[in-house]
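What follows is calculated from the coordinates using simple rules that are stated; it is not laboratory data. In this text the structure is predicted, and so the values were computed from the model without any measurement. A quick note on method: Cβ atoms are made from the backbone with ideal geometry, for glycine too, and the neighbour counts reach across all protein chains shown.
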Amino acid sequence: MGSTRYDPGIRRQFWLVGILILVAVVLGAFLVIGKIREGTSEAAAQQDVASMGPVGDQSRRISGDPLSMGSTDAPVVLVEYADHRCQFCAVFSRDTEPALIEKYVNKGVLRIEWRDLPIFGEQSIAAARASRAAAAQGKFWEFNKAVYAQSPTGGRADLTQEVLHDFAAHVGVPDLPRFDHDAASTQFNESISRDVSNAQTIGISSTPAFIINGNPILGAQPLAHFEQVIDQAAGLAQQ
């Protein structure tokens with residue numbers, strides 16, 4: 001009875017088939033993992049879009065920005081476009097902003113970022129420069145509050161260089177000669193123009209105007225309206 005011989009060629013074929021099967025399994029696994037990751041990324045991107053309003057993210061979140069208040073990590077950012085001669089900007093400063101600071105900014109929920117939109121002539125531009133001169137010495141918000149506290153209920157504030165100097169002295173800007181020099185210079189023009197261009201890009205032409213996580217609010221709306229938009233934005237951001 002003859003013996004059966006095992007053909008080495010057949011053995012090599014089995015090895016090749018096994019290797020091909022293994023490669024196919026590995027490739028399939030990578031494809032499945034890739035699809036899962038792709039789906040997860042798309043879902044995250046969709047969630048990011050859903051959490052931001054129609055105007056998009058206008059925040060800058062610059063650490064140490066003297067024209068901003070609140071944590072750079074706050075889930076909600078209110079971007080304010082304003083003019084120091086705007087009586088309704090003054091209403092927001094006096095009646096609404098303090099409540100938002102106490103309820104949201106101090107608790108790390110909200111960050112407020114200022115944007116200059118000087119639309120009422122040369123005095124508005126001069127006031128924008130002066131506020132940035134105060135900011136250079138750490139007194140931006142104090143200067144802002146003082147200007148708006150004296151804003152008339154009708155008409156425009158008369159913000160001459162002398163008046164702006166007096167506001168700076170009142171809020172304790174430490175180096176007044178430096179303030180006067182900076183406020184009269186053109187060193188802040190580029191930054192102010194950048195704010196104006198940003199406003200124009202998103203269609204803002206009047207003050208006050210606000211963007212809260214991409215959601216626009218025009219005018220000095222009641223506090224309850226700001227609270228509603230902030231609460232909704234905070235809820236979406238934390239999902």
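Output wanted: per-residue J couplings in Hz (rounded whole) for region 203-209, from phi through Karplus 6.51 cos²θ - 1.76 cosθ + 1.60, θ = phi - 60°, x for Gly and Pro.
Per residue, the Karplus-derived 3J(HN,Hα) values read x, 8, 10, 9, 10, x, 9 Hz.
Calculate, axis by axis, the spread of Cα positions in region 86-161 along the three principal axes, and write the results as whole Å, longest axis first.
37, 29, 18
At what distance in nm do the modelled label points of D95 and A184 sit from each other, each positioned 7 Å from its Cα along Cα→Cβ?
Here the modelled spin labels are 3.8 nm apart.
Quick check: pseudo-label points 7 Å beyond the Cα along Cα→Cβ at E162 and Q150, how many nm apart are they?
My value for the distance between the label points is 1.2 nm.
Restricting to Cα atoms and excluding each atom paired with itself, what does the Kirkwood estimate give for region 87-219 in Å?
Result for region 87-219, one decimal place: 15.5 Å.
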